[in-house]
Amino acid sequence: QRENGLTYKPSQITVGTGGKQVLYNALMATLNPGDEVIIPAPYWVSYPEMVALAGGTPVSIICTAESGFKLQASQLEKAITPKTKMVIINSPSNPSGAVLPNEEFIRIFQLTSSRGIWLLTDECYCRFLYDSEPFSIAAQPGAKDSVIVAGSLSKTYAMTGWRIGFALAPVAVASAMMKLQSHSTSNPTSISQKAAVEAVKGSQD
């Protein structure tokens with residue numbers, strides 16, 4: 001809330017063993033076999049593999065050097081099919097470092113939300129900026145219904161050994177992610193949801 005203007009209830013927050021786990025949990029909780037997930041390229045190596053493990057089909061959109069490796073809403077619109085279930089955006093991006101302009105990010109959100117497509121925004125590098133402030137698409141009006149935010153403390157706060165990640169999502173998705181995680185790893189779900197949220201808040205303070 002302090003850094004990105006986001007206000008979520010504890011029931012909309014999950015905490016996992018790093019950003020990678022919450023991303024995987026989000027995909028497992030939302031995808032059905034055959035669902036397509038659009039991933040701008042270049043991309044982090046694990047995205048398409050996690051989509052495939054969840055039964056989905058990764059679909060890449062090539063973002064060229066001429067565009068600054070940034071996805072354009074017009075590109076996305078051409079790639080959407082009736083099977084498109086989700087779009088993954090990582091800004092600032094690993095590996096390119098590209099940062100989507102806020103206006104273009106909003107156009108992408110308007111496109112996905114109007115078509116009932118999940119927008120999974122990976123904000124693990126949200127503070128790796130030199131000439132702008134962090135921007136979360138989830139702060140836009142109406143975004144909480146179709147946007148899933150994934151974040152990590154490992155990069156932003158240099159806590160690489162602690163491996164704590166978090167997700168912000170609609171209650172039904174957050175609940176499904178927690179149920180999945182409770183059967184895949186014991187921590188940090190061995191503590192209460194409230195305590196897990198407080199742990200993240202405390203690390204930021």
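The values are calculated or read from the model by the stated rules, or taken from the named source; none is laboratory data. This structure is a prediction, so every number in the text was calculated from the model and none was measured. Glycine gets a Cβ as well: all are built from the backbone with ideal geometry, and neighbour counts include every protein chain shown. All accessible areas refer to the heavy atoms of the entire protein, side chains included, with ligands and DNA or RNA removed. Shrake-Rupley method; radii C 1.70, N 1.55, O 1.52, S 1.80 Å.
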- State the number of residues belonging to segment 43-95 that are in contact with a helix residue (DSSP H, G or I) (Cβ under 9 Å, 6 or more places away or on another chain) and among the charged types (D, E, K, R). 3
- Note on the structure: In segment 155-178, residues that are assigned to a loop (DSSP other than H, G, I, E, B), within 30 Å of residue 32 (Cβ to Cβ) and open to solvent by less than 50 Å² (accessible area, probe 1.4 Å) total 3
- Is it the case that residue 64 is touching a residue at least 40 places away in the same chain (Cβ under 8 Å), of a type in the set (S, T, N, Q) and surrounded by fewer than 18 Cβ atoms within 10 Å (Cβ to Cβ)? no
- Query: Hey, among 91, 74, which residue is among the polar types (S, T, N, Q) and in contact (Cβ under 8 Å) with a residue 12 or more places away in the chain?
  - Reply: 91
- Scan segment 10-43 for residues that are more than 30 Å from residue 67 (Cβ to Cβ), out of contact with any Lys or Arg (no Cβ under 9 Å at 6 or more places or on another chain) and in a helix (DSSP H, G or I) and jot them down. 11, 25, 28
- Complete set of residues in segment 96-109 that are open to solvent by 50 Å² or more (accessible area, probe 1.4 Å), touching a residue at least 12 places away in the same chain (Cβ under 8 Å) and over 23 Å from residue 1 (Cβ atoms): 101, 107
- Note on segment 134-154: residues under 18 Å from residue 108 (Cα atoms), open to solvent by less than 10 Å² (accessible area, probe 1.4 Å) and of a type in the set (Ser, Thr, Tyr) are 136
- Note on the structure: residue 7 passes all but one of the listed conditions (1) open to solvent by less than 20 Å² (accessible area, probe 1.4 Å); (2) closer than 29 Å to residue 178 by Cα; the exception is number (1)
- Note on the structure: When segment 120-133 is checked residue by residue, the ones that are touching a residue at least 24 places away in the same chain (Cβ under 8 Å) and surrounded by fewer than 22 Cβ atoms within 10 Å (Cβ to Cβ) are 125, 127, 128, 129, 132
